[in-house]
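What follows is a set of notes on a single structure, which appears directly below.
The values are calculated or read from the model by the stated rules, or taken from the named source; none is laboratory data. Bear in mind that the values here come from a model prediction, so they are computed numbers and not experimental data. We place every Cβ from the backbone using ideal geometry, glycine too, and count neighbours over all the protein chains shown. With ligands, DNA and RNA removed, areas are computed over all heavy atoms of the protein, side chains included. Shrake-Rupley method; radii C 1.70, N 1.55, O 1.52, S 1.80 Å.
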Amino acid sequence: TQAAPPPIQPPLNLLWERDAVLAEGRFVAVEGDQRLRFDEVTVTHGGEARTEVSVQADPTAARSLTPGKRYILAWVEWMRSPADKRVRVRRPEGAHLLSAPGLEPALFEATPATRSLLLTAPTAESLNGESHLRRMLALLDGDDPSLQVLAAAELASRSTLRSQLTRRERRHLQATVRDARRSPVARAQLLDAAQFHAAEFGSGWAPVAQA
């Protein structure tokens, strides 16, 4: 019997968790030990208001950034104390770019579409309905790899979306996995989801996995 995968949180939920700070800012430069500096920052959720921030990030995070361009980002500043897990303490390295399945990392180009998706407080209605499913399927077909990854993780982790999948949507997802132009991370996420959630993702995935 296939073991159940460790549960993952829907990425749009993670952006609005208590410890996350969600904001938009203008990228300035990479500083020191892989810290990304942003100014003209507007905080939407979490943390105190500020006009600039410097976040620790993986070295690959800066590769697609353009100085002067605006981005939506989320970071964390707190962690559980090593001495007492019940206590939250500030991270010694300071603000750290949030990274989780679907947010790899939590850094997206700021556009009207991403502002609407990421900076609008989510509700059960907005995240669980058919319109959200359609939006995620559209993101999979888009040109932005980071949004493809987010959409794949939403479909993999949000049971209310999986339960709405029809034969048409399943074929759509299989075509996405076969499409070498799509993000490899998103394609792998969908394959894993099809394996562990076979009831919702349906049959016919074996040839897709072997392609």
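General observations
- For the chain, the relative contact order is 17 percent, taking Cα pairs closer than 8 Å that sit 6 or more residues apart in sequence and dividing their mean separation by the residue count.
- Nonpolar atom fraction for the chain, defined as the carbon and sulfur part of the 1.4 Å probe accessible area, stands at 52 percent.
- Calculated diffusion of the range 48-206, Stokes-Einstein form, Kirkwood radius summed over Cα pairs, 25 °C and 0.890 mPa s, µm²/s: 141
- Compared with the alpha-carbon gap, the fully stretched path from residue 116 to residue 31 is longer by 27.6 nm at 0.36 nm per residue.
- Computed over protein heavy atoms with a 1.4 angstrom probe, the accessible surface ordering of 33, 179, 19, largest first, is 33, 19, 179.
- Rough spin-label spacing in nm, given labels placed 7 Å along Cα→Cβ, for residue 41 and residue 141: 3.8
- Total formal charge among the other residues, if their Cβ is under 15 angstrom from that of residue 28, Lys/Arg +1 and Asp/Glu -1: +1
- Seen against the Cα atoms of the chain and their longest principal axis, helix 167-178 is set at about 60 degrees.
- Note on residue 66/residue 123: beta-carbon distance plugged into 1/(1 + (r/R0)^6) with R0 of 41 Å gives a FRET efficiency of 0.80.
- A Gaussian network model of the chain, with springs between Cα atoms under 10 Å, assigns the largest mean-square fluctuation among 82, 145, 105 to 82.
- The label point for residue 163 and the one for residue 17, both projected 7 Å from the Cα toward the Cβ, are 2.4 nm apart.
- Residue-normalised accessible area of the chain, expressed per residue, 1.4 Å probe, Å²: 53
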